[in-house]
Each structure stands twice: as structure tokens, then as C-alpha cells.
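Comments concern the structure below.
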């Protein structure tokens, strides 16, 4: 292959990399995207896209395509907690708490006022092909899967990368003014000395992507995420519909997460976890198709820096979150929305290289807050599960005895029920976090304060208070999704991300 000279080389073909490719193309900046993976994600992984992320998707020109494939709003208006799921006896699948989520599917006044876009729900196995198709449409031949970065060197003028085509074995070199690492921190960050810092191994999770008919046990059509305590197993689980053609109880595919203790050896054995899956769902092996089993651990980490010379990082390469709150993929999209217009201004000569130094002080604090919020959401779920007591070692009978206290008529159980419901109520911070999604502010050399005070906010998680200040996202009252225009500014200039 011929060597290539390009302004921006993007390494990584997930949500961050593909979004960066689309946005750069939309503002007239040539880029090349390479990724070692032969295809887009084979795991459902992240699925909730908040309103701010959908604003970025509108800029990229894919919002309507995502909405068309997304969970209908009315089928993602609530989240709920259950004891058991499938089994003999009336107590299996008993709902013990239910909570409005994502502004009742986006219909609450707060959500409608916050943005012309509503949130969406589309698993990465279906989102990433949409992003890839759009990126390839905007940059034909410049989105290359199964092309792996194998060597990296940089100097004062740019980056030289050696790329290997894994299909043919051929290698070629790319010379770029800047390299954007969106590879999840696998190659680029370590190559330039960037280190991830934070907490790891909080819990061990086994995830299943399955096809099955669960309409008889997952019966609430308005609930997107079902949080389960499984007394038969003594562990918690999470069940999420994945579509693709129907949602709610009629979903054809599901993701089911089983949470094991870090010392529980069952998590490492396929036969053991498949047995637990069948027990929890009440299905035989023939009644379900298991597409994929994946194992991962809860962690919350942030890179010690977002730039090393001509190399910048974004997405999972810069921060990794527990999935609680849906802030991982969405933060990645916010990262590249912040960075791509700055790259365009520098590449086109309208700003100096120092503009890129504002990326880290603007995005890293926001990302760190999102990681912390994700951890807090996860820890509160752990606190809810801990109230059930027991565990695998307690046995099925004791686990059920403890769970039945939630609907017992014994006055001695009143305080237990009250504590449980209060702990669940605190989880509203996960499903109602408009201030986290919209209320972050930027403090960098690119922001010129106007001297006005920040608005007081009694709840910096749930209450989003728009403000026309230089460090905030511009309020957008009166916009309508169907008439929102992407990139209404000159190709070189900054989008109206802040006032």
C-alpha cells in the first residue's frame, strides 16, 4: 500500500473513533481511521445515549437513523427491581420497586426543556454499524477495519505510524499532524506513557447476549432495565432487552448480567454460569440461544493526562466507567465533539497548537465527574443488594426468607422495608441526572469569563439549570428536532458548545 499523509490519524473504530471521523469530515478535515478489530462491536455493551450525546449524533447526521432503530420512548420510561424472575410459586418475579427513568422516556417537562433531542437506547452491536456506514459515506476509503497500529513515533511536526493490514499482511506508513487515540487504552496511551488511574475490580460480572422468549416473565412493557435479586442463586442480576425488531417483553434478544463476588470461582467456568443463567431465566438449553458470554469487572479510571505531544486520547482510552448511568459512551462522544472543532481550527491555521491544550482541562474534569457518578451509582446498587443479605453460602431457603421481608405483614419488618425503599429512592440519581449530562462547565484558556456568577443549584445531579455564561452549554429553547440544522457555523469555527 502507498504511504499516506493526512492531517489526523484516528486509531480505534468504536463509538469515539467513528464519531471523531464523522465530525471531522463534516467540518472538512481529512482523516484516516484504522482499527485492529475486523468489524464493529460483537458485544451489545453500552446502549443508553443521553440527550447531549444525541445532539452530537445530530451534528454527525445520524440521529434520525438511531431514533428509528432505538427503543420506543414509552418502553424506556421506567426501571424496576424484582425478586427472582422465573420459577414455581407466586413470589418469583415479584416487583418490589419501580422508578421513573430518563424523564418518563423523555416526556417530562425537564427533559423537553433541556434539549430538542430525546435520549435513545440502541446497543453498540447496532449503533456502531450505523456510525461506521456514515463515517465511510463521508470519508470513502478512509475508514479501515482490521488495520492495526504496530509502531508509533512522533516529533515536533507530527506523528509517524506504521499500520499493518491484517487481511493481507502488508504494512504502510501514515504521516499525520495529530493522532487521536480512541482504542480503549490498549496501544496508543501506553505507547506515549499515559497511565490510567482509579479503582478496579469492584465486582466480577458475567454477561450473556441471548435470544429467548421472555415475554411470560419480563412482563412490564415500560421497564427498560430490570434489577433482580435471585434468591435461588444468592446473587444479583440485571436484564435488559436488546430488540432488534420488538422491545419490552416482546424483545427477541436480551442481555443478562450476573454479578459474582470477586472470590466466587463459578464466574470463571462456562458450565457453571450457563447453569445459573438457565436457573434464573427458567429456560432449558433448547429454549434459548446464547450468542456470547463475556466477563468483565467494575472499574472507574481516568487517564493522568489527555495529551502527549501530538497524540491526544478520547473515550475509553481516557476514562472507563461502570455502566451504571450510561455515562461511558456518551462521555466519549462529548470528548470528540470538544476536540474535533479545535483540531479543525488548528489544521486550517485559524488557531495555534495551544488551542489543543484546552482539551484536557475542559474534558478531564467533566469525565472524572462522570466516572465518579458511575461509581456512586454502582455502589448504591451494591448497597441495595446487600440489604437482601445471605448470598450463595446462605442457601436458597434463607435467601428467600430475607427477601420475603419486603412484602411481609409482620410489623417487625417495617423498618427493613423502609430502609430498602429509601436506598432504592437514592438510585433516582442514576436515572435522573440532567445536571450531570448537561450542567458541566469548562475552565480553560479558551474560555473568557464574563464576570457573572454561576447559578445556584440545590441538586447538581438531578436539576439542570441552563445559563448563558461562557463556560456552559448554550441553552437551546424553542428548538425542534426535525428542524435542527447541523453545523450552522463556518467550517473552521467552534460550534456553539458554550456561550
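Brief remarks follow.
- Any pair with Cβ under 8 angstrom, 6 or more apart, that starts in the range 163-186 at a residue that is not assigned by TED's automatic domain parsing to the domain that holds residue 150 and ends at one that is in a strand (DSSP E or B) and modelled with pLDDT under 95: none
- Condition check for residue 369: outside any loop (DSSP other than H, G, I, E, B) and farther than 22 Å from residue 226 by Cα: yes
- Looking only at residues of the range 104-115 that are assigned to a loop (DSSP other than H, G, I, E, B) and in contact (Cβ under 8 Å) with a residue 12 or more places away in the chain, we find that the one that is nearest to residue 438 (Cα to Cα) is 115.
- Residues within the range 336-371 that are over 26 Å from residue 436 (Cα atoms) and surrounded by fewer than 19 Cβ atoms within 10 Å (Cβ to Cβ), tallied: 6
- Yes/no for residue 129 being assigned to a loop (DSSP other than H, G, I, E, B) and surrounded by fewer than 21 Cβ atoms within 10 Å (Cβ to Cβ): no
- Condition met for residue 199 (more than 21 Å from residue 25 (Cβ to Cβ), at pLDDT below 95 and within 28 Å of the chain's Cα centre (by Cα)): yes
- Only one of the listed residues (157, 137, 110) is surrounded by fewer than 21 Cβ atoms within 10 Å (Cβ to Cβ) and touching a strand residue (DSSP E or B) at 6+ places or on another chain (Cβ under 9 Å). That residue is 157.
- Of all residues in the range 418-467, those that are at pLDDT below 95, over 25 Å from residue 321 (Cβ atoms) and not in a loop (DSSP other than H, G, I, E, B) total 0.
- Any hit, the range 91-103, residues being assigned by TED's automatic domain parsing to the domain that holds residue 233 and assigned to a helix (DSSP H, G or I): yes
- Tally, over the range 180-230, of residues that are part of a strand (DSSP E or B) and surrounded by fewer than 16 Cβ atoms within 10 Å (Cβ to Cβ): 3
- Scan of the range 248-264 for residues that are in contact with a helix residue (DSSP H, G or I) (Cβ under 8 Å, 6 or more places away or on another chain) and either exposed (fewer than 15 other Cβ atoms within 10 Å of the Cβ) or over 19 Å from residue 93 (Cα atoms) (or both), ordered by number: 260
- Just one of the listed residues (386, 368) is free of Cβ contacts under 8 Å to residues at least 60 places away in the same chain and under 30 Å from the mean Cα position of the chain (by Cα), and it is 386.
- Condition met for residue 239 (under 30 Å from residue 104 (Cβ atoms), out of contact with any helix residue (DSSP H, G or I) (no Cβ under 7 Å at 6 or more places or on another chain) and not assigned by TED's automatic domain parsing to the domain that holds residue 20): yes
- Those strands (runs of 3 or more DSSP E) of the range 277-359 in which 2 or more residues are over 17 Å from the mean Cα position of the chain (by Cα), touching a residue at least 24 places away in the same chain (Cβ under 8 Å) and closer than 24 Å to residue 193 by Cα occupy 311-313.
The values are calculated or read from the model by the stated rules, or taken from the named source; none is laboratory data. Just so it is clear, the structure is predicted and the values come from calculations on it, not from any experiment. Heads up, the Cβs are rebuilt from the backbone with ideal geometry, glycines too, and the neighbour counts pull from every protein chain shown.
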